[in-house]
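Asks: Before I ask anything, here is the structure I am working with.
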Amino acid sequence: MSMFCYQCQECAKGTGCEIRGVCGKSEEVAKLQDLLIYTVKGISEIVVKGKLAAVDLGTVNHEVLKSLFITITNANFDEASIEKQIRKMLSIRDDLKNKVSGIQLGDAANFEVTDRVSMLEKASKVGVLATENEDIRSLRELITYGIKGMAAYTYHALNLGKEKAEIYDFIYESLAATLDNTLSADDLVALTMKTGQFGVTAMALLDEANTSKYGNPEITSVNIGVGKNPGILVSGHDLSDLEQLLEQTKGTGVDVYTHSEMLPAHYYPFFKKYENFVGNYGSSWWKQIEEFETFNGPILFTTNCLVPPKNEEVRKRIFTTGAAGYPGCTHIEADENGRKDFTPIIEMAKKCKAPTEIETGSIVGGFAHAQVLALADKVVDAVKSGAIKKFFVMAGCDGRMKSRDYYREFAEKLPKDTVILTAGCAKYRYNKLPLGDIDGIPRVLDAGQCNDSYSLAVIALKLKEVFGLDDINELPIAYNIAWYEQKAVIVLLALLYLGVKNIHLGPTLPGFLSPNVAKVLVDTFGIAGIGNVDDDIAMFMA
């Protein structure tokens, strides 16, 4: 069996990549990732059937998070590092088996491989298409992708010293359930909603981790120009990595810039003390092919959103850490205390030219829940006076498809008495447009990274309370969300769990939704796709 992957929005023909991933991953990488997930499912079965408590598993939990994160779209393309992680997880799996007895375990908990060849052979038999029933397969994958997103957020919280055993317990429960052939489609639908519940828990945990360490995001004007010093560009989502890099670059003459999803780091009070934290360079993740060339200095990938570099000179300037990886790029490992030595990146930066300026000016963000709730009276007054007619949640992901121009056009054509609430890299379609403000309230309120979609839910729930409404769907809020990868999946499931209905999802509906599963989401939650901009705006404003 060749590779098959349909976990991201850009999968080939909207149905699945079968030769090479549109993301750039090879058949070998895809298969090794499938086997890593299968191994983690085997561990989950042992934990659940053996009645092992996550609170007692320590670093096992952490390695499970990392393994799941490695398989997220655009995170890791390095066959050797994925194989190494499979071997580590197999060792963990077998150690756990020795702690339990008298239980019947399936193939995922028992299979054996000896080398790369046997790994690939085994992987070809346990991938997505191994589940023959289309609807069961669809629900299993929907749950698995939600768990991958949840694991990513939990991993970031862990790096800041925050974790909850109940999240680990649920990860084991849900992944073990995807191996259980006795579960019906209805059982899996219920588990899907429970995945959304724990998605909320995970995002709340990360919000607590970020804000307790770095303060609540505040309204901030972020420079998008460049300085005269050589620089390091930081991409991804991990604020702990950024903090360590900023500490190590103090006084070195090297500036630090953010790219794509790392932009919201500028909104946290903690990071404003670093004089060499200059600004944000460029835009969305998929623009990196050209933007990395003009940046001139080294790039650090703290998480996913890596596009295979076409330019060998650029590849030599790319460093990875955490779950990220790319063959031929230097990987920075943490020591036993979580500290990372970024000296190789800093020394390379010193020898590079300063970034080439590609734009000037600034963009404003920092509208996470604490900041927006501080402006609640002003917002409520604007709604009551009619100055603000409707809010549009346009959170989620950006991507390469031409069809995503829809979101820029949508933002441009929205009536001037509407406000956009955003989080994630989807904002790069419109966050530099001159959309103005309403009574001093910017028409684009950027809450931050994709995980900060939690902030948008908190804001909606607070407005529901302020307006004295019984149902969150009675608010003047419409949801027009762009998706790309698995962190967007857990955000969607979290919103559904919170009771949000009539979410429009684009630019295409997920390829992993079978017709029957899609019908359940449409009938139960009012999930819909997008059409043309003018018709959609008329429908939303009606």
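Asks: Any idea which of VAL522, ILE490, LEU445 is furthest toward the positive side of the dipole for the chain, if Lys and Arg beta-carbons carry +1 and Asp and Glu beta-carbons -1?
Replies: Checking the options against the dipole of the chain, the answer is LEU445.
Asks: Can I ask one more? Taking only C-alpha pairs under 8 Å that are 6+ residues apart, what is the relative contact order of region 228-279 in percent?
Replies: Relative contact order for region 228-279 comes out at 43 percent.
Asks: What is the sum of charges, Lys and Arg at +1 and Asp and Glu at -1, for the other residues whose Cβ falls under 11 Å from the Cβ of ILE363?
Replies: Taking every other residue near ILE363 into account, the sum is 0.
Asks: Another question, then. Taking the Cα centre of region 448-542 as origin and charging only Cβ (+1 Lys, Arg; -1 Asp, Glu), how large is the dipole, in debye to the nearest 20?
Replies: I would put it at about 240 debye.
Asks: Keeping every protein chain present and rolling a 1.4 Å probe, give me the accessible area per residue for region 105-251 in Å².
Replies: Counting only protein heavy atoms, the per-residue value for region 105-251 is 36 Å².
Asks: Also: What's the carbon and sulfur percent of region 120-265's accessible surface, probe 1.4 angstrom, rounded to a whole number?
Replies: The value for region 120-265 is 44 percent carbon and sulfur by accessible area.
Asks: Please report the relative contact order for region 415-505, taking Cα pairs under 8 Å with a sequence separation of at least 6, and give it as a percent rounded to a whole number.
Replies: After rounding, I find 25 percent.
Asks: Could you tell me which of CYS397, ALA411, VAL372 has its Cα farthest along the dipole of region 346-419 towards the positive end, charges placed at Cβ (Lys, Arg +1; Asp, Glu -1), taken about the Cα centre?
Replies: CYS397
Asks: In whole percent, what relative contact order does the chain give with Cα contacts below 8 Å and a gap of six or more residues?
Replies: 17 percent
Asks: What does the accessible area per residue of region 416-505 come to in Å², with a 1.4 Å probe and no ligands, DNA or RNA counted?
Replies: Solvent-accessible surface per residue comes out at 30 Å².
Asks: Tally Lys/Arg at +1 and Asp/Glu at -1 over every other residue whose Cβ is under 9 Å from the Cβ of ASN296; what's the total?
Replies: Taking every Cβ under 9 Å from that of ASN296, the sum is +1.
Asks: Leaving out ligands, DNA and RNA, what percent of the accessible area of region 43-108 is carbon and sulfur, probe 1.4 Å?
Replies: 49 percent
Asks: Could you give the size of the charge dipole of the chain about its Cα centre, using +1 on the Cβ of each K and R and -1 on the Cβ of each D and E, expressed in debye and rounded to the nearest 20?
Replies: For the chain, the charge dipole is close to 600 debye.
Asks: Related question: From the backbone phi of region 510-520, what are the Karplus-calculated ³J(HN,Hα) couplings (6.51 cos²θ - 1.76 cosθ + 1.60, θ = phi - 60°) in whole Hz, Gly and Pro given as x?
Replies: Values per residue, Gly and Pro as x: x, x, 7, 8, 5, x, 5, 5, 4, 5, 4 Hz.
Asks: Put +1 on the Cβ of each Lys and Arg and -1 on the Cβ of each Asp and Glu in region 87-231; which of ASN216, ALA177, THR154 then has its Cα farthest toward the positive end of the dipole?
Replies: Towards the positive end, the residue furthest out is ASN216.
Asks: Of the beta bridges DSSP finds with both residues in the chain, what % are antiparallel, to the nearest 5?
Replies: Taking every DSSP beta bridge within the chain, about 20 percent pair in antiparallel fashion.
Asks: Something else now. Please work out the average accessible area per residue across region 284-374, using the 1.4 Å probe convention, and give it in Å².
Replies: Averaged over the residues of region 284-374, the accessible area is 43 Å².
Asks: Based on the alpha-carbon gyration tensor of the chain and its eigenvalue square roots a ≥ b ≥ c, which shape applies: rounded if a/c is under 1.5, prolate if not and a/b is larger than b/c, or oblate?
Replies: oblate
Asks: I've got another one for you. I want the local charge near ARG20. Using Cβ-Cβ distances under 13 Å, sum +1 for each Lys or Arg and -1 for each Asp or Glu among the other residues.
Replies: -2
Asks: Then there is this: Which percent of the accessible heavy-atom area of region 476-542 goes to carbon and sulfur, probe 1.4 angstrom?
Replies: Carbon with sulfur: 60 percent of the solvent-accessible area.
The values are calculated or read from the model by the stated rules, or taken from the named source; none is laboratory data. Predicted model, so just to flag it, every value in this text is computed and none were measured. A quick note on method: Cβ atoms are made from the backbone with ideal geometry, for glycine too, and the neighbour counts reach across all protein chains shown. Keep in mind that these areas ignore ligands, DNA and RNA; they rest on the heavy atoms of the full protein, side chains included. Shrake-Rupley method; radii C 1.70, N 1.55, O 1.52, S 1.80 Å.
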